[in-house]
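Chemist: Dropping a structure here in structure tokens format, bear with me for questions.
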Amino acid sequence: MKNILKVENLVKRFGNLRAVDNVSLEVPEKSIVLLIGPNGSGKTTLLNCIAGIYKPDEGRIWFNGKDITGKKPHEIVKLGVMKTFQIPAVFSSLSTAENLLVFYRGNPGEKLLNSFFKKKWLRDEEMATEKMVKTLKMLELASQCNRRANELSGGQLKLLEYSKILMSDATLCLLDEPVGSINPVLANKIFTYITDARNSMGKTFIIVEHRLDIAVKYADYIYVLVNGKILCEGKPEEVLKRKELYDVYLSPLVA
Ligand SMILES: Nc1ncnc2c1ncn2[C@@H]1O[C@H](COP(=O)(O)OP(=O)(O)O)[C@@H](O)[C@H]1O
Ligand SMILES: [Mg+2]
């Protein structure tokens with residue numbers, strides 16, 4: 001299977017702290033990879049480096065064989081990499097439906113030039129609307145379409161954040177705690193949507209998640225990050241057997 005992402009000897013420093021410390025990893029196309037580890041172990045920083053939000057200090061990142069190290073976030077989005085945020089980053093005064101239209105990749109409203117080509121513009125608008133309706137239905141958000149984002153529940157906001165993935169054409173999706181602090185029924189539902197997007201759209205996922213009880217059963221492969229370094233990696237059934245994993249998660253409790 002082809003690797004969609006390759007990270008080699010990546011380092012990201014904040015002052016003297018090596019938040020990401022010489023990380024190398026490979027992500028096969030159409031896989032669901034879980035990135036776990038205690039608080040402050042560098043998971044978000046690693047995703048931010050891949051998405052171009054942070055510029056790495058050392059190392060290289062290849063996406064589909066193309067070196068994307070140090071590229072700007074919008075350039076990386078254009079290539080097909082999309083990151084969602086732990087705290088939903090949505091437009092609170094816009095409706096659910098309007099938010100989805102903003103997330104639509106290649107929103108024609110942005111390009112003045114397109115307004116001179118009315119036919120194309122109308123077709124783009126039609127496609128965006130179609131995709132929005134389909135996505136709202138898929139995520140069971142249709143009944144919320146006219147509600148403003150700031151009136152949605154925590155769970156609905158998580159769904160709205162995830163809808164960015166479906167509204168974009170992204171092939172590599174970086175999800176930062178997509179089911180954090182929501183009920184287990186909805187959390188499992190979101191992981192089912194993720195699996196569906198992998199199976200029917202061929203998307204690849206790197207997911208940071210603390211809710212191991214829920215996330216592990218959907219993962220093909222797991223990386224464990226501790227103090228910015230990869231402690232161990234492997235298939236879920238192998239990684240869950242590793243003693244180091246328990247040491248890392250339990251030692252703060254008995255200290
Ligand atoms: N923008 C920043 N400036 C300074 N330090 C940061 C910044 N972002 C993260 N850190 C530090 O880097 C380390 C890793 O953080 P983070 O990647 O958020 O961890 P995780 O997502 O695994 O909880 C932490 O010690 C955190 O305090
Ligand atoms: Mg984090």
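Chemist: Here is a list: Val90, Val11, Val102, Val7. Which entry is within 16 Å of the chain's Cα centre (by Cα) and more than 16 Å from ligand 2 (Cβ to nearest atom)?
Modeler: Val90 is the lone residue from the list that is within 16 Å of the chain's Cα centre (by Cα) and more than 16 Å from ligand 2 (Cβ to nearest atom).
Chemist: Here's a follow-up. For the stretch 22-43, enumerate the residues that are crowded, with 21+ Cβ neighbours inside 10 Å and either within 11 Å of ligand 1 (Cβ to nearest atom) or in a loop (DSSP other than H, G, I, E, B) (or both).
Modeler: Of everything in the stretch 22-43, those that are crowded, with 21+ Cβ neighbours inside 10 Å and either within 11 Å of ligand 1 (Cβ to nearest atom) or in a loop (DSSP other than H, G, I, E, B) (or both) turn out to be Leu35, Ile36, Gly37, Ser41, Gly42, Lys43.
Chemist: I need every pair where a residue in the stretch 161-174 that is closer than 12 Å to Val90 by Cβ has its Cβ under 9 Å from the Cβ of a residue that is among the small types (Gly, Ala, Ser) and assigned to a loop (DSSP other than H, G, I, E, B), sequence separation at least 6 or different chains.
Modeler: Listed by first residue and then by second, the contacts come to Glu161/Ala89; Lys164/Ala89; Lys164/Ala170.
Chemist: Taking interchain pairs and intrachain pairs at least six residues apart, which have beta carbon atoms under 7 angstrom, with the first residue in the stretch 223-246 and assigned to a strand (DSSP E or B) and the second among the small types (Gly, Ala, Ser)?
Modeler: Note: pairs meeting the criteria are Val224/Gly37; Leu225/Gly37; Leu225/Ser41; Leu225/Gly42; Val226/Gly37; Val226/Ser41.
Chemist: Determine, yes or no, whether Tyr218 is of a type in the set (Ser, Thr, Tyr) and surrounded by 16 or more Cβ atoms within 10 Å (Cβ to Cβ).
Modeler: On the way: of a type in the set (Ser, Thr, Tyr): yes; surrounded by 16 or more Cβ atoms within 10 Å (Cβ to Cβ): yes.
Yes.
Chemist: Pick from the stretch 76-90 the residues that are under 14 Å from Cys173 (Cβ atoms) and within 13 Å of ligand 1 (Cβ to nearest atom): which of them is surrounded by the most Cβ atoms within 10 Å (Cβ to Cβ)?
Modeler: Here the residue is Lys83.
Chemist: Taking the options Ile76, Ile87, Ile32, name whichever one is in contact with a Gly (Cβ under 6 Å, 6 or more places away or on another chain), closer than 27 Å to Asn199 by Cα and either at pLDDT 95 or above or among the β-branched types (Val, Ile, Thr) (or both).
Modeler: Ile76
Chemist: Here is a further query. When the stretch 191-204 is examined, which residues are found to be out of contact with any Phe, Trp or Tyr (no Cβ under 9 Å at 6 or more places or on another chain) and either surrounded by 15 or more Cβ atoms within 10 Å (Cβ to Cβ) or outside any loop (DSSP other than H, G, I, E, B) (or both)? Working first, answer last.
Modeler: Taking the stretch 191-204 and keeping what is out of contact with any Phe, Trp or Tyr (no Cβ under 9 Å at 6 or more places or on another chain), we get 196, 199-204.
The answer is Asp196, Asn199, Ser200, Met201, Lys203, Thr204.
The values are calculated or read from the model by the stated rules, or taken from the named source; none is laboratory data. Since we're looking at a predicted model, the values are computed, not measured. Don't worry about glycine lacking a Cβ; one is built from the backbone with ideal geometry, like all the others, and counts go over all protein chains shown.
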